[in-house]
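Here's the structure we're looking at; comments come further down.
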Amino acid sequence: VRLREAGEGEFLRRVREAAGRPGGSVLVGIGDDTAVLQGQGREERLLLKCDATVEGQHFRREWLTEAEIGARAVRRALSDIAAMGGRPAAILLTLLVSPDEDLEAATAIAAGAAAAGTEFGAPLAGGETVGTEGPLALDVVVAGFAPAGRELRRSGARPGEALLVSGALGASAAGLACLRCGLSAPAAHRAIARSKRPEPRLALGRMLRESGAVRAAIDLSDGLLRDAGHLADESGVRIEIDEARLPLSPDCREVAEALGASPLHWALAGGEDYELLFTADAESVPALIAQADREVGLSLTRIGAVTQGRGVFVARPDGGARTPTAEGWDQFTHDQG
Ligand SMILES: [Mg+2]
């Protein structure tokens, strides 16, 4: 069986099985947005994550400047620290690059990565360079900290809680579609900018953690449906999404109309929105929405609920339903580029 047929989920299940249960310093291993490590006598725990992007798979050279390639790789990785409610501390960059690459260009990639890390309090602290005849690839390791026991984990959702999402959905997927077809319009330019430059919701993640009303979160990298599925699986709950409540990005709607595409599909399965999906005590929702608007300048939308059971369930406005856990991003089963 090839990876393409098995899918990423099956592959990761096997890796997780091979890794065994976390032990020693590792409190949370494979399965969450980052690993969680316990130091000795520390009041904070170390969060660790690596995230790789490959030319042709995650980006095309003609779509991004060198600085944007580096920055994008780092901003994606930082989003996982945001999902844990953590504070970024440092990044490491492994760059796999052709010996024929232009020195200035390679430097600009690393400088773009370093600048993005510094912007969020995580200086480039080391890394590795590998000469390769393969495609350009960047592997970013990001380290952060969170107060012991207070990390927002995928496994923290409980029945009775409300499900919320930050910002608006679908713009990044719309931007990718614009890049592919060359659509040029104001909405297309905004969507493309969104796709090129993920916004790690670090301030929001910390606000949610400090609120005490939120214990479970995930960042939206694979698409709402798939990431909600991760949250449901790790928490052992059922997640019900009300399709009519989804905060579709206005740019996503406009681009979809121009291209004859479905904005809803982009919002549900497009991926790379890098907003936070989280669960909260139902009575705390109005206060969280007001606080996020005031302190972080972000809208929060209540889009569903956590109930007993398994999997993800989407209620449609017409009264129908779908159970779409197979949709969304999978590393091995989707054609890209
Ligand atoms: Mg993540």
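If you wrap the Cα atoms of region 1-98 in a convex hull and average its projected area over all directions, you get 8.6 nm².
The shape of region 158-197 comes out prolate: with a ≥ b ≥ c from the C-alpha gyration tensor, a/c is at least 1.5 and a/b beats b/c.
Placing +1 on each Lys and Arg Cβ and -1 on each Asp and Glu Cβ, with no other charges, gives region 209-331 a dipole about its Cα centre of roughly 380 debye.
Report the gain in length on full extension from Arg150 to Thr65: 0.36 nm times residue separation, minus Cα-Cα distance, nm rounded to one decimal.
Numbers: separation 85, 0.36 × 85 = 30.60 nm, distance 3.80 nm.
Using 0.36 nm per residue and subtracting the Cα-Cα distance, I get 26.8 nm.
Select from the chain the helices, each a whole stretch of DSSP H, whose alpha-carbon atoms run 18 Å or more along the helix axis and whose Kyte-Doolittle mean is at least -0.5; answer none if there are none. Each step should come with its number before you reach the end.
Working: long enough: 66-83 (27 Å, 0.14); 103-119 (24 Å, 0.90).
The qualifying helices are 66-83, 103-119.
A Förster distance of 35 Å, applied to the separation of the beta-carbon atoms of Ala115 and Ala18, puts the FRET efficiency at 0.40. Summing charges over all other residues whose Cβ lies under 12 Å from the Cβ of Glu199, with Lys and Arg as +1 and Asp and Glu as -1, gives +2.
Put a dot 7 Å past the Cα of Asp242, heading toward its Cβ, do the same for Gln308, and the two dots end up 2.3 nm apart.
Computed over neighbours whose Cβ is under 9 Å from that of Thr307, the net charge equals 0, Lys and Arg +1, Asp and Glu -1. Charges were assigned to the Cβ only: +1 to each Lys and Arg, -1 to each Asp and Glu. The resulting dipole of the chain about its Cα centre is roughly 840 debye. Neighbour counts of other Cβ atoms within 10 Å put Phe120, Phe11 in the fewest-to-most order Phe11, Phe120. When the convex hull of its Cα atoms is viewed from all sides, region 166-281 shows a mean projected area of 7.2 nm². The spacing between region 1-73 and region 134-181, judged by their C-alpha centroids, is 12 Å. Summing +1 for each Lys or Arg and -1 for each Asp or Glu among the other residues whose beta-carbon sits under 12 angstrom from that of Ser235 gives +2. Placing unit charges on the Cβ atoms only, positive for Lys and Arg and negative for Asp and Glu, gives region 172-262 a dipole magnitude near 360 debye about its Cα centre. Any idea what % of Cα-Cα pairs in region 87-244 are farther than 20 Å? The answer is 65 percent, as a whole percent. Quick check: Cα centre of region 97-114 to Cα centre of region 220-270, how many Å? Their Cα centres are 35 Å away from one another. Legend: ranking of residues Ser172, Ser262, Ser249, Ser184 from fewest to most surrounding C-beta atoms inside 10 Å; resulting order Ser184, Ser262, Ser249, Ser172. Rg and Dmax of the chain, based on Cα coordinates, read 19.4, 59 Å.
Each DSSP beta bridge with both residues in the chain is either parallel or antiparallel, and the antiparallel ones are about 75%. Region 55-145: Rg/Rh from Cα coordinates, Kirkwood Rh? On the Cα set of region 55-145, Rg over Rh gives 0.97. Under 10 Å, Cα contacts only: if you run a Gaussian network model on the chain, which one of Arg294, Arg226, Arg45 comes out with the highest mean-square fluctuation? Evaluated over the chain, the most mobile residue of the options is Arg294.
Values quoted throughout were computed directly from the atomic coordinates according to the rules given, and no laboratory measurement underlies them. Everything numeric here is computed off the predicted structure, so don't read it as measured data. Every residue, glycine among them, receives a Cβ derived from its backbone with ideal geometry; neighbour counts consider all protein chains shown.
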